[in-house]
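Peer 1: Structure incoming, see below.
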Amino acid sequence: MPPRRFWVAAVLILVTCGLFGQPQAGKIPRAVVKMHLAPELQQAPGSFSLKAAGEPIRVLAFGDFGDGSKRQREVAAAMLQYHQKQKFDFAVTLGDNFYSKGMKGVDDPRWKTWWDQLYDPLGIQFYATLGNHDYGFPQSPEAEILYSKKSPSWRMPAARYTFTAGWVQFFAIDSQVLSTQQLDWLRQELDASKFRWKVVYGHHPIYSHGQHGDSPRLIRDLLPILKGRADVYLTGHDHDMQHLKPEGNLHFFVSGSGGKQRPIRPGPRSLFAKSALGFAMLEADGLSLKITFIEKSLTPLYEYTLKK
Ligand SMILES: [Fe+2]
């Protein structure tokens with residue numbers, strides 16, 4: 001029988017890891033997450049429209065950026081420069097919006113320096129999703145939702161929501177907390193959608209040849225809902241750019257280098273894999289949906305067009 005001191009130390013280590021460990025996909029107990037985010041802020045509001053049906057759209061997409069670094073500022077400046085030549089209609093963020101523990105509240109001073117000053121100048125709205133780092137401070141997810149009321153550019157109507165633009169319906173999901181309610185909502189919304197293109201976006205990839213690899217949790221819970229219903233699953237989390245082989249008609253893209261960069265080696269599922277700071281652009285009309293990866297020097301690195 002180990003001495004009593006051993007058991008005290010073991011319990012202390014477990015409690016400390018539980019309270020202060022880096023939040024990772026699937027590792028936050030659901031009861032704790034519910035305390036962080038009131039049920040009404042998890043619920044999706046009704047769908048809304050950003051651009052009239054039938055119009056072509058151009059959308060900026062990036063994740064993994066908010067750390068106040070020179071890299072973040074350089075990629076933000078590149079987005080602005082690109083936007084001045086070819087206008088984006090709006091943007092989506094793919095989570096890990098603010099390192100390393102999200103925001104302390106709507107009055108956290110980093111909103112000004114890590115968000116307003118860098119992205120307000122584009123003059124568009126950014127429809128954001130939550131990543132694992134955005135669940136760091138207990139109050140962070142709520143702060144990110146509520147800041148939508150204080151900002152001309154930041155938009156997070158809830159932890160999950162859907163909207164339409166042109167020929168596309170977008171579905172923003174909270175991949176950190178994939179509750180049964182959220183999965184049911186997503187399946188129903190996808191089934192009900194009459195739009196030509198259905199794009200689901202969030203933070204965690206289902207498949208990835210980046211540092212985090214495949215997600216058994218999402219392969220089990222999310223993939224069966226997306227397959228046969230959505231055209232694109234767009235994420236961040238790995239700090240690189242990837243296009244992975246489709247399953248059926250479902251294509252997988254990772255754009256997680258809006259401020260962070262990590263090496264990547266292509267794997268069996270890779271159609272494209274590159275370690276580069278930059279962003280993705282999604283362009284869609286009634287006939288095609290094109291994803292382009294653009295490096296911060298504004299060099300296009302890869303493009304792929306889906307057709308219907
Ligand atoms: Fe992440």
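Peer 1: Could you say whether any residue in region 64-83 is farther than 13 Å from TYR119 by Cα, in contact with a His (Cβ under 8 Å, 6 or more places away or on another chain) and not in a loop (DSSP other than H, G, I, E, B)?
Peer 2: For region 64-83, residues farther than 13 Å from TYR119 by Cα, in contact with a His (Cβ under 8 Å, 6 or more places away or on another chain) and not in a loop (DSSP other than H, G, I, E, B): absent.
Peer 1: What residue, of GLN261, GLN242, is within 16 Å of the ligand (Cβ to nearest atom), touching a residue at least 12 places away in the same chain (Cβ under 8 Å) and surrounded by fewer than 23 Cβ atoms within 10 Å (Cβ to Cβ)?
Peer 2: From the options GLN261, GLN242, the qualifying one is GLN261.
Peer 1: Does SER297 qualify as being surrounded by 15 or more Cβ atoms within 10 Å (Cβ to Cβ), more than 19 Å from the chain's Cα centre (by Cα) and away from the ligand (no atom under 16 Å from the Cβ)?
Peer 2: No, not satisfied.
Peer 1: Further, regarding this structure: Scan HIS237, HIS251, HIS204 and give me the residue that is away from the ligand (no atom under 16 Å from the Cβ) and under 23 Å from LEU130 (Cα atoms).
Peer 2: The conditions single out HIS251.
Peer 1: Which residue, of LEU94, LEU60, is among the aliphatic types (A, V, I, L, M), within 16 Å of the ligand (Cβ to nearest atom) and either within 19 Å of LEU130 (Cα to Cα) or out of contact with any strand residue (DSSP E or B) (no Cβ under 9 Å at 6 or more places or on another chain) (or both)?
Peer 2: LEU94
Peer 1: Going by what's in this entry, would TYR233 be described as part of a strand (DSSP E or B), touching a helix residue (DSSP H, G or I) at 6+ places or on another chain (Cβ under 7 Å) and of a type outside the set (A, V, I, L, M)?
Peer 2: yes
Peer 1: Could I ask something else about it? Quick one: is LEU282 surrounded by 16 or more Cβ atoms within 10 Å (Cβ to Cβ), part of a strand (DSSP E or B) and touching an Asp or Glu at 6+ places or on another chain (Cβ under 8 Å)?
Peer 2: No; evaluated as a whole, the condition is false for this residue.
Peer 1: Something else now. Checking the conditions here, which among PRO45, PRO2, PRO29 is modelled with pLDDT under 95, loosely packed, with under 13 Cβ neighbours inside 10 Å and touching a strand residue (DSSP E or B) at 6+ places or on another chain (Cβ under 9 Å)?
Peer 2: Among PRO45, PRO2, PRO29, only PRO45 is modelled with pLDDT under 95, loosely packed, with under 13 Cβ neighbours inside 10 Å and touching a strand residue (DSSP E or B) at 6+ places or on another chain (Cβ under 9 Å).
The values are calculated or read from the model by the stated rules, or taken from the named source; none is laboratory data. Predicted model, so just to flag it, every value in this text is computed and none were measured. Positions of Cβ are generated from backbone atoms using ideal geometry, with glycine treated the same way; all protein chains shown enter the neighbour counts.
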